[in-house]
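Report on one structure; see the data block that follows.
The values are calculated or read from the model by the stated rules, or taken from the named source; none is laboratory data. The structure displayed is predicted, hence computed values, not measured ones. A quick note on method: Cβ atoms are made from the backbone with ideal geometry, for glycine too, and the neighbour counts reach across all protein chains shown. In case anyone asks, the SASA skips ligands and DNA or RNA and just uses the protein heavy atoms, side chains included. Shrake-Rupley method; radii C 1.70, N 1.55, O 1.52, S 1.80 Å.
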Amino acid sequence: MRPPPGQRRLPKEFIAQHQRARIISALAEETVEKGYRAVTVADIVRRAGIARNTFYENFSSKEDCFLAASEFAVKEALRRVVDAASKVDHWPERVDAGLAAFLHYVASEPALARTCIVEALSAGPAAVERYERSLQAFVPLFRMGRKVSPHGEQLPETLEETIIGGIFWIIYQRIIMGQTEQIEELLPELVEFSLTPYLGAEAAKRAVAEHESAPTG
C-alpha cells in the first residue's frame with residue numbers, strides 16, 4: 001500500500017536507529033531501577049514498548065545491548081567534548097570547556113550515566129573492558145597539556161590515564177550518592193585537578209579563577 005498523498009514513509013535506517021535508541025534508553029532506565037544483573041530482556045522489551053523479536057533484530061542479548069549503550073554514550077560524550085574544546089584556542093580553556101560539556105551530558109542523562117559509569121563495573125568482563133577502553137578515548141584532550149607544561153618531557157607516561165580515572169571515580173561517587181543533578185558543580189574542582197600536574201598548583205588555581213571571573217555570553 002502507498003502512503004496517503006502528502007505523506008512519506010520514514011526511511012528504514014531512521015526507524016532502525018529510533019528503535020535502537022528506545023531499547024538502549026529502556027535498558028538504562030531498568031538498570032537504574034533494578035541493577036543490571038536483575039534486568040531481563042522481558043523488562044527491556046516491556047519498557048521500550050516493542051515486540052521481543054524486535055529486540056533480537058537489534059541485539060543478540062542483554063549484554064550486547066549493554067555494550068551498545070556504552071558505545072553510544074562514549075561516542076556522544078566524546079563528540080560533545082571535542083566540539084566544545086575545539087571552540088577555544090588555549091589548552092587550559094579547552095580542558096575547562098571539554099569537562100563542562102562532559103559533566104553537562106552526565107547530568108542531563110542520569111540513567112545512561114549510571115548504567116555506563118556505575119553498572120559497567122559489575123556487568124561482566126566485556127563491559128569492564130569496554131569501560132576501560134572508553135577512558136582511553138579522552139586521553140588526547142589531556143595529553144596536549146604536555147606541550148604547554150614546563151615539565152612535559154618528565155611527566156609520567158600514565159599521567160593522562162590517572163587523571164581521567166580520577167575524574168570518572170569522582171563522578172562515580174557522586175552518582176551512587178544520588179547527586180547526579182549537582183554534578184556540574186564539580187567543574188572548577190575537576191579543572192584544577194586536571195591542570196595542576198601540567199601547570200603547577202598556583203597556575204592551575206589562577207586559570208580556574210580567571211575563567212570563573214570572565215564575563216559570559
Residue with peak Gaussian network fluctuation, the chain [Cα springs, cutoff 10 Å], from Ile163, Ile117, Ile50:
Ile50
At what distance in nm do the modelled label points of Leu135 and Asp89 sit from each other, each positioned 7 Å from its Cα along Cα→Cβ?
3.5 nm
Could you give the semi-axes, largest first, of the ellipsoid that matches the range 74-125, computed as the square roots of 5 times the alpha carbon gyration tensor eigenvalues and rounded to whole Å?
25, 10, 8
With every protein chain left in place and a probe of 1.4 Å, what is the accessible surface of Asp83, to the nearest 10 Å²?
70 Å²
Would you kindly find the accessible area of Ser86, with a 1.4 Å probe and non-protein molecules such as ligands, DNA and RNA excluded, rounding to the nearest 10 Å²?
80 Å²
Electrostatic dipole magnitude of the chain [Cβ: Lys, Arg +1; Asp, Glu -1; Cα centre; debye, to 20]:
1180 debye
Would you mind calculating the gained length between Tyr172 and Arg206 on full extension (0.36 nm times residue separation, minus the Cα-Cα distance), in nm to one decimal?
9.5 nm
Under 10 Å, Cα contacts only: if you run a Gaussian network model on the chain, which one of Ile176, Ile23, Ile164 comes out with the highest mean-square fluctuation?
Ile176
Compute the Rg to Rh ratio over the chain from the alpha carbon atoms, using the Kirkwood formula for Rh, and round to two decimal places.
1.06
Shape of the range 110-217, Cα gyration tensor, a/c cut at 1.5
oblate
Per residue accessible area of the chain, 1.4 Å probe, in Å²:
57 Å²
I'd like the carbon and sulfur percentage of the solvent accessible area for the chain, probe radius 1.4 Å, heavy atoms only, ligands and nucleic acids excluded.
54 percent
For the range 91-135 and the range 178-200, distance of Cα centres in Å
14 Å
Going down the list Lys75/Lys147; Lys34/Lys87; Lys87/Lys147, which pairs span over 28 Å between their C-alpha atoms?
Lys34/Lys87
Between Gln136, Gln179, Gln17, find the one with the highest GNM mean-square fluctuation for the chain; connect C-alpha pairs within less than 10 Å.
Gln17
Defining a contact as two alpha carbons under 8 Å apart and six or more residues distant in sequence, what relative contact order in percent does the range 134-217 show?
31 percent
Counting other Cβ atoms within 10 Å, which trypsin sites (Lys or Arg not before Pro) in the range 53-135 have at most 13 and lie in a DSSP loop?
Lys87
Honestly the range 26-138 on the Cα gyration tensor test (a ≥ b ≥ c root eigenvalues; a/c under 1.5 rounded, otherwise a/b vs b/c for prolate or oblate) is just prolate
Along each principal axis of its Cα atoms, how long is the range 105-159 end to end? Whole angstroms, biggest number first, please.
40, 28, 12
